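The values are calculated or read from the model by the stated rules, or taken from the named source; none is laboratory data. What you see is a predicted model, and the numbers here were worked out from it, not measured in a lab. Glycine also receives a Cβ, built like all others from the backbone with ideal geometry; neighbour counts cover every protein chain displayed. Accessible surface is based on the protein model in full, side chains and every heavy atom, while ligands, DNA and RNA are left aside. Shrake-Rupley method; radii C 1.70, N 1.55, O 1.52, S 1.80 Å.
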Amino acid sequence: MAGPAAFFLPWRWAICPGLLLAILITTAPGCSCFQRQKTPAEMAEEQRKKEEEEKKKQKEKPKKNFEVGRMEILPGSAASGAVTNRVKPGHWVATRQDILANNFEFNAELHSSVVDKQQRPVDVERTPFTMTMSRPAPLPKGQLKQFENIYYVPRNSSDEDQKITLKSSLHARGGGREIADGAASEPTTRMKDDEYFMVVLADNPNAYAGFLPSLKCVEERFDDYSNRDHRAFSVSLPRTKGRPAVPSHPLAWTSTAYLIWDNTPPGNLLRDQQQSLIDWLHWGGQLIISGPRSVDSLAGTFLDPYLPADAVQSQSLEQEAFDEINDYWSALEQEGGKPDLITIVPERPPLGVELKLRPGAAVVPHTGGLIVEKRVGRGRIAMTRFALTDRQLTTWQNFDNFFNGAILRRPRRQFQRDPDYELVAAYWADPQYRGLESDARLNTGLRYFSRDVGYYLGSVGSFRSNTTNADPSEARTVQTPGGRVAVRDGDQEFEVEDLDAIPGLMPGKFQTSRARNRFGVQQNGEGLVGELAIGSRSAAHREDPRLAGFITTAESGVAGWNDFSGAADSARSSLKDAAGISIPRADFVLKMLGIYLLVLAPVNWAFFRLIGRVEWAWVAAPVIAIVGAIVVVRTAQLDIGFARSRTEIAILELQPSYGRAHLTRYSALYTSLSSSYDASYSDPSAVAQPFAVKANYQRNGETAIEVQLRREREITLSGFRVQSNTTGMLHSEQMYDVEGGVTLEGVEGSWLLKNNTGFNLQDAAVIRRTKAGYETAWIGDLLPKNSAVARFDPSADPAAAQWSDSWITSSQETEANRSMTLLDKNRDKHLTLAELASRPDLAAELEACDTDHDGRLGMNELIVCCRKARSGKVSLGRLFELASQRLTLLEGEARLVAWSDQPLEGVAFTPHASQVQSRTFVLAHLAYAPLPEPLSDVNTYSRVAEDPAKKDAKTKGLDTLFNTP
């Protein structure tokens with residue numbers, strides 16, 4: 001019998017498909033039969049989650065391996081805040097750059113070079129070389145690192161527009177491949193030869209941006225004839241939070257003339273930056289400290305030993321404090337015949353500081369005691385009792401006059417209007433500066449003897465015109481080792497035919513010194529347009545502390561790297577005479593041959609006969625021959641078929657009581673087979689380049705040779721190739737530790753010279769100039785850490801008579817003149833063989849030097865003869881004469897001149913040379929002349945610009961003077 005379950009079973013199977021279909025329909029996407037609608041808040045939350053997921057995915061994407069920041073050229077930003085990338089040709093410039101490694105630690109190196117707009121490396125001037133630089137760049141993962149580099153900015157580029165670019169690239173350590181996205185480059189703007197930086201380190205640089213760049217002494221417009229604005233100074237206002245944007249390399253400061261310090265924390269500067277600033281000061285930099293806040297903040301810092309005064313107390317500066325400034329610097333009449341004066345608001349007197357002068361400091365004349373100063377080596381620190389940014393002063397109409405004369409210590413000016421173009425230009429008011437409006441020596445006090453001293457007068461002379469209006473003081477022909485220089489006079493221009501004869505001269509035409517500009521003002525200054533500038537012609541120039549014996553060169557001005565200064569020319573000439581291999585003399589060869597034959601035959605045979613083995617003498621003969629050859633080679637310092645020699649002249653310049661010196665090395669490397677040299681310098685301040693040999697060299701079609709300057713613990717110049725049987729030359733410079741330097745201590749009649757250095761001084765003499773004239777104290781040889789009494793005797797010239805007794809300390813011209821004076825018995829200005837009997841070295845060269853074959857030597861022939869007699873010897877005579885006579889010794893100055901044969905440590909050459917000659921010329925400045933009195937301008941810019949119709953008697957008189965033929 002069937003139960004109930006059996007009855008319902010077919011029905012259950014019948015409804016199952018229907019139930020399944022209903023479930024599928026209700027759960028299908030898009031069906032909202034049983035779904036609740038989402039609220040707007042829920043939908044927004046869902047969208048937010050989706051965006052977060054997307055951002056998370058993006059963050060998880062790999063970052064670039066390296067992030068390379070933009071190069072910053074030091075000193076930092078311009079006053080406008082814009083990046084101008086101004087660089088000074090012929091000077092070293094520093095840059096800094098931020099680099100970040102994102103994904104891993106990387107041991108990299110940073111390569112840098114100077115390229116033209118086609119990205120071609122620019123040649124090292126007047127050499128067949130190009131140069132790249134590199135330094136280590138370790139990059140920890142995730143840490144931003146900053147690296148400082150230095151570049152040499154060449155005077156010339158291969159492009160017609162002379163544009164250059166500073167380039168850097170990141171490479172794997174050890175000269176590996178260049179890293180993608182690791183390169184950076186900065187196009188640059190060339191500064192004029194007389195344009196320098198004025199750097200402001202202030203806690204509020206904006207306070208200077210409003211007035212300093214617009215001062216006429218900064219924004220100087222000298223030469224409207226060439227239709228250009230001539231800026232004397234580029235104002236730089238780098239950030240001072242953190243590390244200030246100034247170089248840490250001492251030789252990268254040479255394009256900076258002034259540094260204004262206003263309440264910047266001294267500790268923000270790194271130790272290298274501090275040391276570089278002090279070095280810069282001692283070689284002529286000028287530091288201006290704005291009071292009163294900075295005075296207290298500098299006490300006990302790295303600048304404290306050099307400050308001119310100490311702060312006593314703060315005080316308000318009332319109207320009477322500015323009376324002397326008003327009397328002297330506001331004497332120029334303005335509109336209505338009334339001078340514009342500093343007027344102090346009684347309710348808001350400027351905050352000032354009372355100062356106590358330190359020894360050696362003085363008040364700047366005509367400032368009412370509101371500015372004090374002190375010499376620091378060749379440089380100067382000035383300190384104001386008031387804030388330089390006080391608007392009661394900066395809005396004063398004569399502030400530009402005051403700033404130019406009292407603060408910057410520049411010559412006084414006269415402003416003139418061009419009647420045709422309605423332009424106002426400035427000119428130096430004093431006669432000795434006329435024509436020098438674009439002269440770098442009047443914008444910066446920096447001077448380096450090896451870079452800036454003028455040419456040796458015995459070999460250069462001066463140019464003159466054949467026209468009737470030529471300056472009689474210039475009426476000397478040019479005599480050089482290459483003979484008389486041919487000069488063509490045509491339409492007030494000279495074209496020098498014998499370019500090789502004149503050091504530093506570039507091909508081209510040169511304007512006469514009597515040319516006039518469109519204002520009718522004579523341009524009779526240092527005159528030559530090109531690489532050569534014959535400086536200090538007149539007595540006024542020679543006696544002026546800004547000009548005395550120094551020259552300025554086109555493109556780079558003064559203090560620039562200079563392969564053709566008077567010192568560089570003298571060193572190159574001596575190296576050419578001395579460099580090479582010293583071949584043994586005939587008597588030496590005969591002596592060695594005699595010893596060899598004696599040992600080979602009688603001694604060899606006798607020895608083996610005594611021991612009863614005469615047959616062994618034949619076996620010993622080849623051994624004796626080999627040993628003999630080695631002895632000859634080592635004794636003669638001459639490798640058979642392969643020889644090298646190194647000859648070096650170093651110039652060591654010291655400043656008064658300073659423990660660091662500026663060291664310049666000129667190294668001549670001779671090799672008999674082609675060699676590649678590396679030169680390593682232990683001091684981190686060292687820089688080096690190939691030394692130019694010819695002033696007019698141009699690389700025409702030759703393949704450039706690349707050298708590398710690598711900066712690590714040591715500075716290494718590598719890849720310097722010297723061809724077979726030739727001499728290559730290197731030029732390097734650095735700062736050198738001389739401990740306590742050289743000092744002259746005591747009182748009149750009891751002077752003590754102290755040699756606190758670690759090297760001996762030879763043929764030393766102290767020369768000085770007093771009101772009575774020149775005086776000389778002969779010291780002779782002075783050992784390290786020793787003292788000697790300096791007894792001064794009157795002298796006709798600033799030179800020691802003993803120097804003319806030695807070929808080391810006298811030039812060939814001086815030796816020839818002295819020989820003629822002593823040996824010319826019949827006074828016919830010629831020397832015969834009989835008259836040369838006491839000088840066998842000269843007599844041996846008579847036939848070779850007697851160019852006119854008359855059996856005797858005239859003066860020019862005798863000079864050549866003296867030069868030949870010195871062949872293979874390192875003479876410093878021209879350097880002695882440059883330092884004592886070309887570099888003017890002013891009243892109040894004293895300097896020591898000496899030399900040393902003690903090799904200066906800190907350099908190594910690879911491969912090693914078998915013969916080495918090295919001599920160091922030592923110039924120690926012991927005292928400088930007082931600064932000249934500051935002078936007020938003749939007139940004001942505003943008077944000339946605003947009222948051209950009115951001219952007072954003084955201005956008319958000076959107009960007449962300036963237009964006098």
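Between N756 and E42, what is the spin-label point distance in nm, taking each point 7 Å from the Cα along the Cα→C-beta axis?
Placing both labels 7 Å along Cα→Cβ, they lie 8.8 nm apart.
Could you give the nm distance between label points at I595 and A299, where each point is 7 Å from its Cα heading toward the beta carbon?
Inter-label distance under the simple model: 7.2 nm.
How large, in percent, is the carbon and sulfur part of the accessible surface of region 62-191 at a probe radius of 1.4 Å?
47 percent
Extension gain D901-K63, at 0.36 nm per residue separation less the Cα-Cα distance, in nm?
295.8 nm
Can you figure out the FRET efficiency of D203 with K825, using R₀ = 56 Å and their beta-carbon distance, to the nearest 0.05?
Efficiency for this residue pair is about 0.15.
Determine how many Å³ per residue the convex hull of the Cα atoms of region 643-686 encloses.
80 Å³
Principal axis extents for region 62-191, Cα atoms only, whole Å, descending order, please.
Ordered largest first, region 62-191 gives principal extents of 44, 39, 21 Å.
For region 227-298, run through the trypsin sites (Lys or Arg not before Pro) and keep only the ones in DSSP coil with at most 10 other Cβ atoms within 10 Å of their Cβ.
Here the trypsin sites (Lys or Arg not before Pro) that fit, given the DSSP loop and packing criteria, are K241.
Just grab the label-to-label distance for E543 and E946, each label 7 Å out from Cα along the Cβ direction, in nm (one decimal).
Inter-label distance under the simple model: 4.0 nm.
If you put +1 on each Lys and Arg Cβ and -1 on each Asp and Glu Cβ, how big is the dipole of region 66-126 around its Cα centre, in Debye rounded to 20?
Value, rounded to 20: 380 debye.
Give the residue from V115, M71, N156 lying farthest towards the positive end of the charge dipole for region 62-191; charges sit on Cβ (+1 for Lys and Arg, -1 for Asp and Glu) and the dipole is referred to the Cα centre.
M71
Over the heavy atoms of T395, what accessible area does a 1.4 Å probe trace out, to the nearest 10 Å²?
Counting only protein heavy atoms, the figure is 90 Å².
Pairs to check: K785/K868; K338/K374; K829/K868. Give those whose C-alpha atoms are more than 27 Å from each other in this structure.
Check vs 27 Å cut-off fails for K785/K868; K338/K374.
With a cut-off of at most 10 other beta carbons within 10 Å, and DSSP calling the residue loop, which trypsin sites (Lys or Arg not before Pro) in region 731-812 qualify? Please list them.
Those satisfying the criteria are K771.
Add +1 for every Lys or Arg and -1 for every Asp or Glu among the other residues with Cβ under 10 Å from the Cβ of L446, and state the total.
Overall, the nearby charge balance is +3.
Pulled fully out, how much extra length does the chain show between R177 and T84, if you take 0.36 nm times their separation in residues and subtract their Cα-Cα distance?
Contour length minus Cα-Cα distance gives 30.3 nm.
Want the number for S724 to R239: 0.36 nm per residue separation, take away the alpha-carbon distance, what's left?
This chain segment gains 169.4 nm when fully extended.
For N103 and E702, what is the calculated FRET efficiency with R₀ set at 51 Å and r taken between the beta-carbons, to the nearest 0.05?
0.70
Give me, ordered by chain and number, the residues 5 or more places off A183 or on other chains with an amide H under 5 Å from its own placed amide H.
Under 5 Å from the amide H of A183 lie the amide H atoms of L170, each far enough along the sequence or on another chain.
Would you mind checking K64/K141; K694/K873; K88/K192 for any pair whose Cα atoms are more than 18 angstrom apart?
K694/K873
What is the sum of charges around A688, taking Lys and Arg as +1, Asp and Glu as -1, for the other residues whose C-beta is under 13 Å from the C-beta of A688?
Its environment carries a net charge of -3.
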